[in-house]
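The next block holds one structure in the form of C-alpha cells; read it before the comments.
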Amino acid sequence: MTGQERSEEKSECVSLSPMREAVPAPPECERVCVCGTGDLGRSLGLRLLQAGYGVVFGSRRPHSSSSLIPHGAQVLGHAAAAQSAHLIFIAVQREHYDFLVPLANQLKGKVLVDLSNNLRKNQYPEANAEYLQSLVPGAEVVKGFNTLSAWSLQNGPSDANRQVYICGESVEAKQAVMAVATKLGFSALDRGFLSVARELEDFPLQLFPQWRLPLYIATGLSAAFFFYLLIRDIIYAYVTQGKDISFRIIVSLANKVCPIVSLIMLSLCYLPGVLASFLQLYRGTKYRRFPDWLDRWMLCRKQLGLLALGFAFLHVLYTLIIPIRYYGRFKATEHTVSVIRENRTTEFDTTTAWRGDSYLSLGILGFSLYVLLGITSLPSVSNVLSWREFSFIQSKLGHLTLLLCTAHTYLYGWNKFLSSSTYKWYTPLGYMLCLVLPSVVLLLKLLLITPCVDRTITRIRQGWERRADQRNPKNSQPLIP
C-alpha cells in the first residue's frame, strides 16, 4: 500500500470536532478483498459495502472491470488486491485458481474463503477447498458462502436462505468468516474441519432431497390409478358398448384420480406414526432406534401432506368446473327434455338430499382442515406456535381431517359397492380401493387412544421400560389401576 493510499484511508476514519481539532483516529477501517468480478463476486462485494466493509476487487483485467463493480469499491490486479486485505474471498471457479500460485508467499497467514461449487458431484478427486489449500499451503483456507446464490446476496437474507455453512482447519480463521456472515445478516454454522468441504460443495447440487420419495409415491399412485380408471371407464365402454367417451379423460378421469391420490397420501402421513407407536408398544421401550425405512418415512411426512393438499386443491377446482363444461350442460338439458317429452315427474327424495348435503358438508369441512394443516406447516406460522399447539393441529386435527375425508368418500359411494353393475370386468371402483388404507389407519389409531393402550404408550414415552420392571419386579407398577 502506498503512502498516499494510507493517508487517504486514515482521512476517511478521522473525525474532527466543531473546533476543527483532530481527535485520535479509530482503528484502521476494515477491508476485505474479493477475487472475481462475476455475478457472485459483485453481489458479495455489494453486500459487504452495505455492511460497512471496505471492498477491494481483484481482477485479471482491472481496467475493463472497473465499470462493473459496485460504487464505492476499488478494483486492482490480483497481487495488489490480495496485499491490501487479510480476509480474501475467492469467487472464481476451480479452473481459474492458477493465478494464486505466484501469490503463495504473499498469501501466507491470510484467510482465503472458497466460494466455489461444481457442476456435478464427484467432479474432482478432492474438494475444491482442499485443492485450494494445496496450492496455497501457507494460507488459512475456509469453505463458506457457497450455498448462497448471487440473487440471495443481492436481495438480502430476509428473502432467501439465511444459513451459511463454514468449515476449515483454523478456529481463528473460521471465527473471522463467521463474524462477517453475522454482520451481513446471515446465520453461520461451523461444520468442522476442511474435510467436510466436499459435503458443503454437494449442498447446492441437491434437488429437492426431502421431496424425492413423496414425489415418487405421488407419481406412482397417479399413474397406477389413471391407467386403472382408464381401463374401467373408457376402454370398457368402448369394448362392450362401442362408445367413444375418451373426452372424459381430461376432466372426469382426472377428477377421480386426484381425490384418490390425495386421500391415500394423507393416510401415508399418519400411518408411520401409528406404526411407530405399535413398535414402541411391542418393544416396551423408546430407547431403540426405529428401522431406517420408518425413519425416512417419518421425516418426509410434511412433504407427503403438502402434496396431498395439492391434489385436494385440484379435486376442488375440477369439481367446480364440472357443471359448466359442455358434457355437463348437455346431459342436464337432455334429461330435462326427456322428462318433458315423456310427461313424467320425479318425486323429491329426502334420503338422497340428506346424503348429498352430508357428502358436500363433510368435503368442505375436510378441505378446510386440510388447508389449516398446510398453513401451519409453513415455517413463518409454525415458528409462532408452541410445540403443544403445533402437535394439536398436526396430530389431533390431522386425524380429524383424515376421518372427515374418509367419511366424505364413504358417503359418495353410499351403497354402490352392493351393486354388481359397478364391478366392471370384476374390478371395484377406484374410490373403494383408496378407502382401504385410511380405514386401516383410523382403526389402528382408535386402538391406540383406548385408555389402557394410551396409558402404556404414555409411560413408555416418559422413560418406562418393560424389561427394567421385569428385572426389578418390586419397582414395577400396574399399568391399569
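The values are calculated or read from the model by the stated rules, or taken from the named source; none is laboratory data. In this text the structure is predicted, and so the values were computed from the model without any measurement. Counting neighbours? That spans all protein chains shown, and the Cβs are built from the backbone with ideal geometry, glycine included.
Listed values, structure above:
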| quantity | calculated |
| --- | --- |
| Count of the stretch 124-137 residues which are part of a loop (DSSP other than H, G, I, E, B) and within 11 Å of R94 (Cα to Cα) | 2 |
| Pick from the stretch 247-284, criterion among the aliphatic types (A, V, I, L, M), over 30 Å from D454 (Cβ atoms) and modelled with pLDDT of 95 or more, ranking: nearest to the chain's Cα centre (by Cα) | V261 |
| Count - residues of the stretch 226-262 that are surrounded by fewer than 16 Cβ atoms within 10 Å (Cβ to Cβ), small (G, A, S) and part of a helix (DSSP H, G or I) | 1 |
| Qualifying residue in the stretch 278-292 (condition: under 29 Å from P438 (Cβ atoms), crowded, with 17+ Cβ neighbours inside 10 Å and among the aliphatic types (A, V, I, L, M)) | no |
| Odd one out for H96, checked against (1) crowded, with 18+ Cβ neighbours inside 10 Å; (2) not in a loop (DSSP other than H, G, I, E, B) | (1) |
| Residue match in the stretch 299-322 (condition: assigned by TED's automatic domain parsing to the domain that holds F226 and either exposed (fewer than 10 other Cβ atoms within 10 Å of the Cβ) or not in a helix (DSSP H, G or I) (or both)) | yes |
| Cβ pairs under 8 Å, 6+ apart, first in the stretch 341-362 and of a type in the set (K, R), second surrounded by 11 or more Cβ atoms within 10 Å (Cβ to Cβ) | R355/L411; R355/W414 |
| Conditions (1) closer than 26 Å to E30 by Cα; (2) part of a loop (DSSP other than H, G, I, E, B); number of the one not met by N118 | (1) |
| Unmet criterion (only one of (1) at pLDDT 90 or above; (2) outside any helix (DSSP H, G or I); (3) aliphatic (A, V, I, L, M)) for I480 | (1) |
| Looking only at the stretch 369-390, and only at residues there that are in contact with a helix residue (DSSP H, G or I) (Cβ under 9 Å, 6 or more places away or on another chain) and among the small types (G, A, S), the one that is farthest from T409 (Cα to Cα) | S382 |
| Helices (runs of 4 or more DSSP H) wholly inside the stretch 143-225 containing at least 1 residues that are touching a Lys or Arg at 6+ places or on another chain (Cβ under 7 Å) and of a type outside the set (F, W, Y) | 150-155, 197-202 |
| Residue that is modelled with the highest pLDDT [pool: residues in the stretch 138-151 that are of a type in the set (G, A, S) and over 14 Å from F89 (Cβ atoms)] | G138 |
| Subset of the stretch 448-458 [exposed (fewer than 15 other Cβ atoms within 10 Å of the Cβ) and either under 34 Å from the mean Cα position of the chain (by Cα) or within 30 Å of Q241 (Cβ to Cβ) (or both)] | I449, D454, T458 |
| Hey, S149 surrounded by fewer than 17 Cβ atoms within 10 Å (Cβ to Cβ) and either under 24 Å from the mean Cα position of the chain (by Cα) or among the aliphatic types (A, V, I, L, M) (or both) or not | yes |
| Check on A127, in contact with an Asp or Glu (Cβ under 8 Å, 6 or more places away or on another chain) and modelled with pLDDT of 90 or more | yes |
| Test: residue in the stretch 114-134 that is touching a helix residue (DSSP H, G or I) at 6+ places or on another chain (Cβ under 7 Å), in the same structural domain as D190 (by TED's automatic domain parsing) and either more than 22 Å from F203 (Cα to Cα) or without any contact (Cβ under 8 Å) to a residue 24 or more places away in the chain (or both) | no |
| Subset of the stretch 71-93 [assigned to a helix (DSSP H, G or I) and in contact with a Cys (Cβ under 8 Å, 6 or more places away or on another chain)] | H78, A81, A82 |
| Flag if K445 is touching a His at 6+ places or on another chain (Cβ under 7 Å), among the charged types (D, E, K, R) and assigned to a helix (DSSP H, G or I) | yes |
| Subset of the stretch 413-442 (residues that are part of a helix (DSSP H, G or I), of a type outside the set (G, A, S) and more than 34 Å from the chain's Cα centre (by Cα)) | K416, F417, L418, T422, K424, W425, Y426 |
